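See below for the structure under consideration.
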Amino acid sequence: MTDLFEKLLKNRGPLGMHSKESYGYFMFPRLEGEISNKMIFRGKEKLVWSLNNYLGLANHPEVRKADGDAAVKYGNALPMGARMMSGNSVEHEQLEKELAEFEMKEASILLNFGYQGMVSAIDCLVDRHDVIVYDSESHACIIDGVRLHMGKRFVYPHNDIANLEKQLERATKLATETGGAILVITEGVFGMSGDQGKLREIVALKKKYSFRLFVDDAHGFGTMGKTGAGTGEEQGVQDGIDIYFGTFAKSMALIGAFIASDAQVVDYLKHNMRSQIFAKSLPMPLVVGALKRLELLRTQPRLKDDLWNIVRALQKGLVAAGFEIGKTESPVTPVYLNGSIPEATNLIIDLRENYDIFCSMVVYPVVPKGVIMLRLIPTAVHTLEDVKYTIDAFTKIQVKLKAGQYQADKIVPV
Ligand SMILES: Cc1ncc(COP(=O)(O)O)c(C=O)c1O
């Protein structure tokens, strides 16, 4: 027997074990000032590549005005209650209607948070007779949703369609015995590596196997496809996605999310999804703010063009400078370097303190041991000068890394 608190303090978790030395710098850093390509970190301006603000809507004047006006008009309290009980409004319904149209689906349901919504949607869609088949690199919210599932689940290696087919064969056998159904879950754009889920190939498998496809398109909504409807549109298979998930937290720079699907499925979700039935609905300013952002997203394709100009310049420039950026097919831009965790730490300090560049760093266990991934999120508000400056700086830090200048004892930590 042990005391719960004692146990927690003994094993603080893979991130928590570094909490003291990393607080405020590597973890929980404070970026201050107007949201833009440059922000203030520890009192000094930095070029920032780690904000989920793909289309630059966070500080768009029309968005700021809509957000402000809605806050004055409604306050943050309204609506008072869960959607089903006392928390519905004309604006919530209007937003759902517009999102469904935009996604070329019959209906949609708003979710208070993307993460919690995905977990709850998976929980709601399947029962113990059903089988889930999912991609191994799925986001934590999919993994958590799968963890709630009482029936069988089969995982396939990331984007390995031959293996997915094997899992579908197993799932079909099992579901035939239980009388259940099969749900395949993947992402539109994988948020770490930036590659797309192979939606076209997965949809093609529907000819051979009976299943429904659920796509988490957090990073694809607003950034991918001709109109910004997402990765399904990009790959020409939006129709083959049975359940489409998008979050407001990335291209819309807001909070909230939605699922778009057949009207009857959405109706089912509305009446059965525990995270929506038993929680207060999205506050009015967020709903009104989302309507404004969606309007801009639909009517100002220039925002997406601006984003992609930066994405192309950044990714082409990095490759031309000899950097490894993996298989990205989206704005998400990973840069893979080789080095230990102390080297990664020193490199980030150098980048932040001496080159004034703020980007995220990912190390083991998210990437293999010995790999340092710098993750860049380009936005419509970055400039070509930002791109050039960053590639030049990366070239310099790469030389230092290879020369061993970031080894554990070399740099004094800030
Ligand atoms: C793939 C994916 N799904 C879901 C989420 C969760 O979305 P939200 O931030 O709206 O909770 C994220 C956000 O990080 C994500 O990257």
Counting DSSP beta bridges with both partners in the range 60-299, what percentage is antiparallel, nearest 5?
-> 35
So how do 4-10, 137-143 stack up, highest first, on mean other-Cβ count within 10 Å?
-> 137-143, 4-10
Report Rg (one decimal) and Dmax (nearest whole number) for the chain, counting Cα atoms only, units Å.
-> 22.3, 63
In whole Hz, what ³J(HN,Hα) sequence does the range 77-85 give by Karplus (6.51, -1.76, 1.60; θ = phi - 60°), x for Gly and Pro?
-> 7, 6, x, 8, x, 6, 3, 5, 8
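Rounded to the nearest 500 deg cm²/dmol, what is the calculated helix-only ellipticity per residue at 222 nm for the chain, with -39500 (n - 2.57) per DSSP H run of length n ≥ 4?
My calculation for the chain gives -12500 deg cm²/dmol from helical runs alone.
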Under 13 Å from the Cβ of residue 90, count the other residues' Cβ atoms, weight Lys and Arg +1, Asp and Glu -1, and hand me the total.
-> -2
Point-charge dipole on Cβ atoms (K/R +1, D/E -1) for the chain, about Cα centre, debye to 20 | 700
Over all Cα pairs of the range 60-299, how is the pair count split among 5 Å bins, expressed in % and running from 0 up to the last occupied bin?
-> 1, 7, 15, 19, 20, 16, 11, 6, 4, 2, 1, 0
Ranked output for segments 317-326, 164-173, 111-120 by mean other Cβ atoms within 10 Å, highest leading, reads 111-120, 164-173, 317-326
Report the label-to-label distance for residue 210 and residue 7 in nanometres (one decimal), using points 7 Å from each Cα along the Cα→Cβ vector.
-> 4.4
For residue 270, the lysines lying under 17 Å Cα to Cα, once residues fewer than eight places off in the same chain are dropped, come out as 97, 105, 280
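Treating only the Cβ atoms of Lys and Arg (+1) and Asp and Glu (-1) as charged, compute the dipole magnitude of the range 138-267 about its Cα centre; round to the nearest 20 debye.
360
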Sort 392-401, 30-39 for me by packing, meaning the mean count of neighbouring Cβ atoms within 10 Å per residue, highest on top.
-> 392-401, 30-39
Under 17 Å by backbone N from the virtual spin label 7 Å along Cα-to-Cβ at residue 308, the residues of the range 240-258 are 251
Surrounding charge for residue 226, neighbours by C-beta under 9 angstrom, Lys/Arg +1, Asp/Glu -1, total -2
For the range 120-143 and the range 311-340, what is the separation of their Cα centres, given in Å?
-> 31
The long-range amide H neighbours of residue 256, using H built 1.01 Å from N in the peptide plane and a cut-off of under 5 Å, are 114, 248, 249
What angle do you read, to the nearest 10 degrees and between 0 and 90, between the alpha-carbon axis of helix 114-125 and the longest principal axis of the chain?
-> 30
Charge context of residue 326, other residues only, Cβ under 11 angstrom, K/R +1, D/E -1 | -1
Compute the long axis of helix 301-320 from its Cα atoms, compare it with the longest principal axis of the Cα atoms of the chain, and write down the angle in degrees, 0 to 90, nearest 10.
-> 50
Taking a straight Cα-to-Cα line shorter than 14 Å from residue 250, and setting aside same-chain aspartates and glutamates fewer than 8 residues away, one finds 216, 217
Dipole of the range 60-299, positive direction: furthest Cα of 78, 257, 225, with charges on the beta-carbon | 78
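Quick check on the chain: of the DSSP beta bridges with both residues there, what percent are antiparallel, nearest 5%?
55
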Working from Cα positions, state the angle (0 to 90°, nearest 10) between the long axis of helix 263-272 and the longest principal axis of the chain.
-> 80
Here, residue 353 and residue 177, labelled 7 Å along Cα→Cβ, have an inter-label distance in nm of 6.0
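Where a number appears in this text, it was derived from the coordinates with a stated rule and is not lab data. No experiment lies behind these values; they were computed from the predicted model shown. When we count neighbours, we look across all protein chains shown, and the Cβ atoms used for this are built from the backbone with ideal geometry, even at glycine.
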